[in-house]
Amino acid sequence: MWGIQRSRYADCNGSEASEEAEIVVNIGGVKQVLYGEVLNRYPDTRLAELVDWSSQSCEEISSLCDDYDPETGEYYFDRDPEAFKCIIELYYYGEIHMKKGICPICFMKEMEFWKIDSDFLDECCKSHLKEVEDELGEIAERVRTILVDREGDPSAGGWQRFQISVWRLMEKPESSLPAHVIAIVSFIFILISSVVMCVGTIPELQVQDSDGNLTEHPTLEVIETVCICWFTVEYLLRLISSPNQIKFFFSFMNIIDFMAIMPFFVVLILTSIGAGVMELANVQQAVQALRIMRIARIFKLARHSSGLQTLTSALKSSLKELGLLLMYMGVGVFLFSALGYTMEQNHPDTLFTSIPQSFWWAVITMTTVGYGDVYPKTTLGRCNAAISFLCGVIAIALPIHPIINNFVLFYNKQQVLDTAAKHEIELMALRTGEAEASPGDHKHICGAAGWDKSMSTCHSDTYIPLPKDGRGGNC
């Protein structure tokens with residue numbers, strides 16, 4: 001039997017302590033003696049009701065507990081004894097602290113059983129509970145997305161069903177085999193287009209036009225045109241089938257897709273206008289700049305790589321650390337470039353002609369690149385350089401660990417959420433199979449519409465209510 005010693009909570013008057021009612025409870029096989037004065041501090045709770053009902057009949061007392069022994073006066077509760085250790089803290093300390101290792105959702109059910117409001121939970125435990133609820137919400141959203149991808153939305157009309165089908169085909173590779181094939185083909189086109197862009201700059205593979213200027217080989221231009229046609233059709237289909245076209249158009253990844261195909265059509269329009277326009281120097285520079293923008297296609301790989309998406313999320317969450325890095329580097333560059341100029345300006349062969357010109361030297365020194373085009377020639381200047389690259393190493397190393405830690409946390413969280421969502425789908429399938437196999441009039445429960453009904457009727461502690469949005473897709 002465990003418990004807190006009575007002497008810590010009894011009144012100083014010994015006669016009052018002896019006359020106090022004792023309540024013996026058995027929580028999951030663990031016995032504890034509680035005292036009426038302590039329990040009455042919170043009269044609306046279930047334990048406090050035991051004090052008032054101790055003189056009632058066994059049938060009435062049984063409504064408060066799972067079983068009651070009138071001979072020993074012992075109340076039996078089929079509850080978690082570890083969670084009860086936390087529950088009993090309320091009567092002595094005025095708040096509840098959830099111990100490590102207890103499921104927050106299950107613990108809230110324990111508090112509900114003992115008729116204790118969640119406001120008595122410690123602030124640190126409330127934040128932990130909020131994190132768990134957010135994770136369960138994400139799992140529920142993933143479950144709904146998987147169900148909608150598999151079976152569609154039965155309430156959608158003809159055009160909406162077509163939109164959803166095309167959206168799943170172009171945006172959800174895991175929804176079907178054709179969608180998986182399209183994702184692989186798109187990935188191959190991205191690689192081919194990037195390789196063609198690089199190979200087209202090799203002089204040996206270029207040809208001369210009528211004016212004697214080197215241009216891309218016609219074969220490479222044909223391959224480029226085919227790739228652009230694929231990217232254009234893919235972009236238009238995703239735009240048409242998107243649940244929210246405005247959100248789709250201003251999404252970062254979709255802006256990348258637009259920038260990847262836009263230069264081709266702009267150059268095509270300028271070329272078709274006429275040779276006179278193309279002879280203008282400004283137009284030629286614009287065309288070259290648009291061709292360089294084709295490098296944006298490499299970012300399309302992030303659409304098919306969960307690792308790159310996780311890296312992007314980790315960098316977004318590490319903006320504070322990146323800002324500190326830029327601030328440290330900015331202060332160091334300004335300081336050491338000014339010192340370098342001051343120490344080197346009197347040398348006859350100095351390479352530090354001004355402080356702004358010394359910024360370049362400070363950057364490549366603090367980042368330990370050291371091209372060697374600018375270097376100090378005096379003893380003081382070299383000492384300044386040594387201190388600068390040591391400070392640069394420290395400044396760069398400090399925020400690296402938080403950034404890597406954020407990446408690991410995001411990646412592990414995504415893996416856990418994906419696994420949990422798949423397990424919930426498998427669990428629902430098992431329960432649906434058991435309902436079909438059991439005698440009686442049981443109907444098959446399928447899709448997102450039957451999720452809440454099938455899961456809530458099983459009285460599971462892990463029941464996850466799904467969001468009401470039936471589309472289940474993001475732009």
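The values are calculated or read from the model by the stated rules, or taken from the named source; none is laboratory data. Just so you know, these numbers come straight off a predicted model, no measurement behind them. Every residue, glycine as well, gets a Cβ built from its backbone with ideal geometry; the counts of neighbours run over all protein chains shown. Side chains included, ligands, DNA and RNA excluded: accessible areas come from the protein's heavy atoms. Shrake-Rupley method; radii C 1.70, N 1.55, O 1.52, S 1.80 Å.
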Quiz item: Across region 364-396, what is the total count of residues that are among the aliphatic types (A, V, I, L, M) and either touching a Pro at 6+ places or on another chain (Cβ under 7 Å) or open to solvent by 60 Å² or more (accessible area, probe 1.4 Å) (or both)?
Solution: 7
Quiz prompt | Hits in region 191-244 (condition: of a type in the set (D, E, K, R) and open to solvent by less than 50 Å² (accessible area, probe 1.4 Å)) | solution = Glu216, Glu224, Glu234, Arg238
Self-check item: Whichever residue in region 219-234 is among the acidic types (Asp, Glu) and in contact (Cβ under 8 Å) with a residue 40 or more places away in the chain and, among such residues, is nearest to Glu204 (Cα to Cα)
Solution: Glu224
Self-check item: Criterion violated by Arg161 - all others in (1) within 26 Å of the chain's Cα centre (by Cα); (2) modelled with pLDDT under 85 satisfied
Solution: (1)
Self-check item: Residue pairs meeting the criteria (Cβ under 9 Å; at least 6 apart or on separate chains; first closer than 26 Å to Asp349 by Cα and outside any helix (DSSP H, G or I), in region 377-398; second open to solvent by less than 60 Å² (accessible area, probe 1.4 Å) and of a type in the set (Ser, Thr, Tyr))
Solution: Lys377/Thr350; Thr378/Thr350
Quiz prompt | Pair list, Cβ < 6 Å and 6+ apart or interchain, from region 254-271 residues that are in contact (Cβ under 8 Å) with a residue 40 or more places away in the chain to residues that are among the basic types (Lys, Arg) | solution = Ala260/Arg297
Quiz item: Among (1) in a helix (DSSP H, G or I); (2) under 19 Å from Ile295 (Cα atoms); (3) out of contact with any helix residue (DSSP H, G or I) (no Cβ under 7 Å at 6 or more places or on another chain), where does Met197 come up short?
Solution: (3)
Quiz item: Which residues, taken from region 170-184, are among the acidic types (Asp, Glu) and open to solvent by less than 50 Å² (accessible area, probe 1.4 Å)?
Solution: Glu171
Exercise. Could you please find all residues in region 309-333 being open to solvent by 70 Å² or more (accessible area, probe 1.4 Å) and free of Cβ contacts under 8 Å to residues at least 12 places away in the same chain?
Key: Gln309, Lys316, Leu319, Lys320, Leu326, Met327, Val331
